[in-house]
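The values are calculated or read from the model by the stated rules, or taken from the named source; none is laboratory data. Owing to the predicted nature of the structure, the values given are computational and were not obtained by experimental measurement. Backbone-built Cβ (ideal geometry, glycine too); neighbour counts: all protein chains shown. Surface accessibility is based on the protein's heavy atoms, side chains included, excluding ligands, DNA and RNA. Shrake-Rupley method; radii C 1.70, N 1.55, O 1.52, S 1.80 Å.
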Amino acid sequence: MTREAGIAMIRVAVVALATVAGGAAHAGCKINLTLKNTGRGAVDVWARDTAQGSSAVKSRNGLWSALGLPGAYPHGRAKIAAGGQARTLLHATFSCGAKRRYRIIYECADGTQRTQYFPAVDKWTTQQDYTMSIDRCR
């Protein structure tokens, strides 16, 4: 095999792999996520465009991925009044059967930062329509 033929085969393999990977990303799952503030005061949910130090979702054996919340950008926080809620539609890259965990980082009116995991810090869910109560602000 000539060098040129080898390079052409590698290019075909890369294009085929990119096509398969792109197809898998489109075969994901839509998840309706609602954050409901059941506490006594308003909260600022941290929703930056990176997962580090922000509210995020993680698939089992995967990495944390930032949650997009309406009204959070460009300052990176979404305010939810007491009794209020914020909704977002996630376009997850894995199937609807993938196990996921949510991490919500928020700040109470008194400046206290809290982190809540849903369904729990050591549990997973496959629910596609999920409401999480934020209730640790006094």
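Can you pull out the residues in the stretch 52-99 that are modelled with pLDDT under 85, open to solvent by 20 Å² or more (accessible area, probe 1.4 Å), farther than 19 Å from G28 by Cα and among the small types (G, A, S)?
Hits for the stretch 52-99 are G53, G71.
Looking at (1) surrounded by 13 or more Cβ atoms within 10 Å (Cβ to Cβ); (2) not in a strand (DSSP E or B), which one does T131 not meet, given that it meets all the others?
(2)
Is it the case that some residue within the stretch 13-26 is over 15 Å from the mean Cα position of the chain (by Cα), at pLDDT 85 or above and open to solvent by less than 70 Å² (accessible area, probe 1.4 Å)?
no
Please work out which one of (1) open to solvent by 20 Å² or more (accessible area, probe 1.4 Å); (2) closer than 19 Å to W64 by Cβ; (3) of a type outside the set (A, V, I, L, M, F, W, C); (4) assigned to a strand (DSSP E or B) is the condition D122 fails and give its number.
Going through the list (1) open to solvent by 20 Å² or more (accessible area, probe 1.4 Å); (2) closer than 19 Å to W64 by Cβ; (3) of a type outside the set (A, V, I, L, M, F, W, C); (4) assigned to a strand (DSSP E or B), D122 breaks only (4).
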